[in-house]
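The values are calculated or read from the model by the stated rules, or taken from the named source; none is laboratory data. Computed from a predicted structure; not experimentally measured. No Cβ is skipped: glycine too gets one built from the backbone with ideal geometry, and neighbour counts run over all protein chains shown.
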Amino acid sequence: MPLSALRTVAKPQNGVGAFILQCKKLEFHYCDWAGSSRGMNAFLKSSLSAFAKRNPSIEISVSPRPRKHPVIRAHYINGNQRSICVRNMTNDIIREKAELLRDASGEKNQKYNKPVTSINESVRGIWSPFHGAKIQI
Amino acid sequence: MSELLALAPDETKIGSTQPTTEFLSFHWNSQFPSLLLSLPLPLPFALFSCTTSPFLMKRIRFSRCATERLASTTSNTTTPRRPSCIHNVAPSNYKIRLQTRFQSTAAAASDAIPAEMDAGAAEPVAPESKPSASSSRAHTRRRLPLEQLPSPHPHSASQSIKLAALRSRLSLPERFPLQTLARTLVHPSADADPAFNNASLSILGANLLGYYTTEYLMCNYPRLPMSVMFAAQDAYIGPKALALISREWGIEAAAAPGGEVDPGLLQFKRLQAGSGIPGVLKQELPWKWNKTTTHKILATDEFGSDQKPPSPHDLARTPVPVQEAAQSFVRALIGSLQLHLGTPLVKRFFRDHFLSRQLDLSTLFDFRTPTRDVSRLCAREGFEPPVARLISETGRLSRHPVFVVGIYSGKDKLGEGAGSSLDEAKVRAAAAALKAWYLYRPLEVTVPSSTENELDAKKWRPNMVDCGEVIV
């Protein structure tokens, strides 16, 4: 065989063709008795339906968690989960926290030192000392 | 605990009055599919407002409250129920029932959905309290508990929040029915009935995927060697790639299939740990002992595989690995999109989800004798015989020499490569020259499927057809 081929799998590029929201489930836990979840209860009563309507691709579940602080827990497509304790927060702040969880990718927070990270080859190519105009010394 | 049980029916009575029914009808309009799971919300609020005991909360199963409530409202519906076996059916209404079974995943009109959901809600809980009413009906059927169904009932699909979220996540329109989406998630290993599993849809989807990928590759890269073509197909729509895609879509697998399982989970019979791969999946012998490329093109699948892939219908009741079930789901989704939404949307879906993936075709080549191939290629195409010339070098006597070699045919440079020895550089240059030839891409391409259902074929431009790879 003069030529054979290597088997690989094409790499995903979320957002290049289709965009898949990485947050797939949001759990809202509240307590009906404790004062720390007063804002959470207000959020569930007033704003949750609008939030769910705006984000139809997220599965939303509401469940009580008696005598505990209210928590929003997000499950992501990569299998990770992230939770935020929203005790003593008001309705608006809880909505912001829910949006923060919705927009997260589910990856661990990490510092990016390079401005651009790409799996594509550089358009200009790598500089080569063997090509181009020769420098006369 | 008895107190609690006594409380729950009261609560359902309270819930059946004004506020909760309003809430239910509100989300049964299917405007907010993902709000479905928030169903327990009004019940606990109503409950706590009347009891005000924090210790009561954690004992009550809110989901059970909800289902009991739903069952109590609409227990006298006359929807067709799924029998255990189609041969057990009474002969009087056999045809009608068979027809109903086969249409069970057909698209429902949007205004018919709430009624159907209503019925579906009544379906799971058999009203044992009223045996006389059910027996007085003309068509008495044995009502199966959900646990005995091999896969979720189609009616339960419209209530699954996971399915609604999945449809929205894939940006599928509302007119794509959730019942069909649920059916694509049922592998034949879970439900052997071809009317309820995804076998037929996955066959259609596999053909469509193969067609669109092949035409994209063949029109855009007309000189691609067949082995590389097979590998590229495998990279885009091979079993591994499809399983990966389904994972990126957020598909979760059910632990075990069954009628009581959420229809938004992938239903298949799992391969037990330690047990070998079943005989259907591993076929030791090739189709024939003929292994030529021509044979692969003519007789095997689009990946040029040596083994015959099992037909989806053969996998009924066979435990399968996750990858097998996941790829059958992706294929079945494509097939059902074709049936429900038509060709243009399938093409767009394919472009967005499959062709948008990054695959560097130049990394797929594995040359054994590139220099010989280049000289054969030049002889075939009538170019001057290729010559390798040293372009530049550094550190020939050092520990890290670098040579840059070009392959020239007359005055044309076909390829160039750098290596730490003269031979390595020459081989790399020859491989680069071959890749430059094989990866030629025409500027304007019209794929054959673009002229489907078009009245004027004037936009069609014939594609380049190459005479093929170099044969040595």
Review point. Just wondering, is there one or more residues in region B:386-399 that are without any contact (Cβ under 8 Å) to a residue 12 or more places away in the chain, over 30 Å from B:TYR212 (Cα atoms) and among the β-branched types (Val, Ile, Thr)?
Key: yes
Check your understanding: If you scan region B:237-251, which residues turn out to be touching a Phe, Trp or Tyr at 6+ places or on another chain (Cβ under 7 Å) and either assigned to a helix (DSSP H, G or I) or among the basic types (Lys, Arg) (or both)?
Key -> B:ILE237, B:SER246
Exercise for review: Output the residues belonging to region B:153-187 that are more than 13 Å from chain A (Cβ to nearest Cβ), of a type in the set (A, V, I, L, M) and under 15 Å from B:GLU252 (Cβ atoms).
Suggested key: B:LEU181, B:ALA182, B:LEU185, B:VAL186
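Sort out which residues of region A:4-21 are in a loop (DSSP other than H, G, I, E, B) and of a type outside the set (Gly, Ala, Ser), and write them in order of number.
Keep residues of region A:4-21 that are in a loop (DSSP other than H, G, I, E, B), which gives A:6-10, A:12-21.
Residues satisfying the conditions are A:LEU6, A:ARG7, A:THR8, A:VAL9, A:PRO12, A:GLN13, A:ASN14, A:VAL16, A:PHE19, A:ILE20, A:LEU21.
Residue-wise test of (1) at the interface with chain B (Cβ under 10 Å from one of its Cβ atoms); (2) of a type outside the set (Val, Ile, Thr).
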site: A:GLY35; (1), (2): no, yes
site: A:ILE60; (1), (2): yes, no
site: A:ARG65; (1), (2): yes, yes
site: A:ARG82; (1), (2): no, yes
Exercise for review: Scan B:LEU266, B:LEU271, B:LEU185 and give me the residue that is at pLDDT below 95 and either out of contact with any helix residue (DSSP H, G or I) (no Cβ under 7 Å at 6 or more places or on another chain) or over 30 Å from B:LEU361 (Cα atoms) (or both).
Suggested key: B:LEU271
Practice item. Please tell me if A:ASN78 is touching a residue at least 12 places away in the same chain (Cβ under 8 Å), in a loop (DSSP other than H, G, I, E, B) and closer than 25 Å to B:TYR236 by Cα. Key: yes
Review point. Applying the selection to region B:377-416, what residues are within 11 Å of chain A (Cβ to nearest Cβ) and closer than 21 Å to B:ILE471 by Cα?
Key: B:LEU377
Point to revise | Tally of residues being surrounded by 19 or more Cβ atoms within 10 Å (Cβ to Cβ) and either among the aromatic types (Phe, Trp, Tyr) or within 30 Å of B:ARG348 (Cα to Cα) (or both) across region A:22-54 | key: 10
**Study point:** Cβ pairs under 8 Å, 6+ apart, first in region A:7-28 and at the interface with chain B (Cβ under 7 Å from one of its Cβ atoms) and under 30 Å from A:VAL71 (Cα atoms), second surrounded by 17 or more Cβ atoms within 10 Å (Cβ to Cβ) and hydroxyl-bearing (Ser, Thr, Tyr)
**Key:** A:LEU21/A:SER57; A:LYS24/A:SER57; A:LYS24/A:TYR76
Review point. What's the number of the condition B:ASP193 fails, among (1) closer than 18 Å to B:ALA316 by Cβ; (2) within 18 Å of the chain's Cα centre (by Cα); (3) not basic (Lys, Arg)?
Key: (2)
Practice item. Sort out which residues of region B:363-413 are of a type in the set (Lys, Arg), within 26 Å of B:VAL228 (Cα to Cα) and touching a Gly at 6+ places or on another chain (Cβ under 6 Å), and write them in order of number. Key: B:LYS413
Check your understanding: What residue, among those in region B:376-409 that are under 48 Å from the mean Cα position of the chain (by Cα) and among the β-branched types (Val, Ile, Thr), is surrounded by the most Cβ atoms within 10 Å (Cβ to Cβ)?
Key -> B:ILE407
Point to revise | Tabulated pairs, region B:247-261, first away from every other protein chain (no Cβ under 14 Å), second surrounded by fewer than 19 Cβ atoms within 10 Å (Cβ to Cβ) and not aromatic (Phe, Trp, Tyr), C-beta under 6 angstrom, 6+ apart or interchain | key: B:GLY259/B:LEU146; B:GLU260/B:LEU146; B:GLU260/B:GLU147
Check your understanding: So which residues in region B:410-431 are closer than 21 Å to B:GLY382 by Cβ and surrounded by fewer than 19 Cβ atoms within 10 Å (Cβ to Cβ), if there are any at all?
Key -> B:GLY410, B:LYS411, B:ASP412, B:LYS413
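Considering every residue within region B:194-213, establish whether at least one is within 14 Å of chain A (Cβ to nearest Cβ), in a helix (DSSP H, G or I) and free of Cβ contacts under 8 Å to residues at least 24 places away in the same chain.
No; the residues of region B:194-213 include none that is within 14 Å of chain A (Cβ to nearest Cβ), in a helix (DSSP H, G or I) and free of Cβ contacts under 8 Å to residues at least 24 places away in the same chain.
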Exercise for review: Looking for whichever is of a type in the set (Asp, Glu) and farther than 17 Å from B:ARG357 by Cβ here; the options are B:ASP234, B:ASP191. Which one fits?
Suggested key: B:ASP191
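Residues checked against (1) surrounded by 13 or more Cβ atoms within 10 Å (Cβ to Cβ); (2) assigned by TED's automatic domain parsing to the domain that holds B:SER375; (3) within 32 Å of the chain's Cα centre (by Cα):
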residue: B:VAL447; (1), (2), (3): yes, no, yes
residue: B:THR451; (1), (2), (3): yes, no, yes
residue: B:LYS458; (1), (2), (3): no, no, no
residue: B:VAL472; (1), (2), (3): yes, no, no
Point to revise | Set B:SER449, B:SER409, B:SER420: member being hydroxyl-bearing (Ser, Thr, Tyr) and touching a His at 6+ places or on another chain (Cβ under 8 Å) | key: B:SER420
Check your understanding: If you go through region B:359-375 one residue at a time, do you hit one that is more than 14 Å from chain A (Cβ to nearest Cβ), surrounded by fewer than 21 Cβ atoms within 10 Å (Cβ to Cβ) and either modelled with pLDDT of 95 or more or out of contact with any helix residue (DSSP H, G or I) (no Cβ under 8 Å at 6 or more places or on another chain) (or both)?
Key -> no
Review point. Does B:SER189 count as of a type in the set (Ser, Thr, Tyr), more than 19 Å from B:ILE334 (Cβ to Cβ), in the same structural domain as B:PRO310 (by TED's automatic domain parsing) and not in a helix (DSSP H, G or I)?
Key: yes
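Residue-by-condition table, conditions (1) out of contact with any strand residue (DSSP E or B) (no Cβ under 9 Å at 6 or more places or on another chain); (2) at pLDDT below 95; (3) in a helix (DSSP H, G or I); (4) assigned by TED's automatic domain parsing to the domain that holds B:ASN198:
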| position | (1), (2), (3), (4) |
| --- | --- |
| B:PHE303 | yes, yes, no, yes |
| B:GLU324 | yes, yes, yes, yes |
| B:ARG331 | yes, no, yes, yes |
| B:GLY335 | yes, no, yes, yes |
| B:LEU339 | yes, no, yes, yes |
| B:PHE350 | yes, no, yes, yes |
| B:PHE354 | yes, no, yes, yes |
Check your understanding: Does region A:94-136 hold any residues that are away from chain B (no Cβ under 12 Å), modelled with pLDDT of 90 or more and in a loop (DSSP other than H, G, I, E, B), and which are they?
Key -> A:ALA104, A:SER105, A:GLU107, A:LYS108, A:ASN109, A:GLN110, A:LYS111, A:TYR112, A:ASN113, A:LYS114, A:PRO115
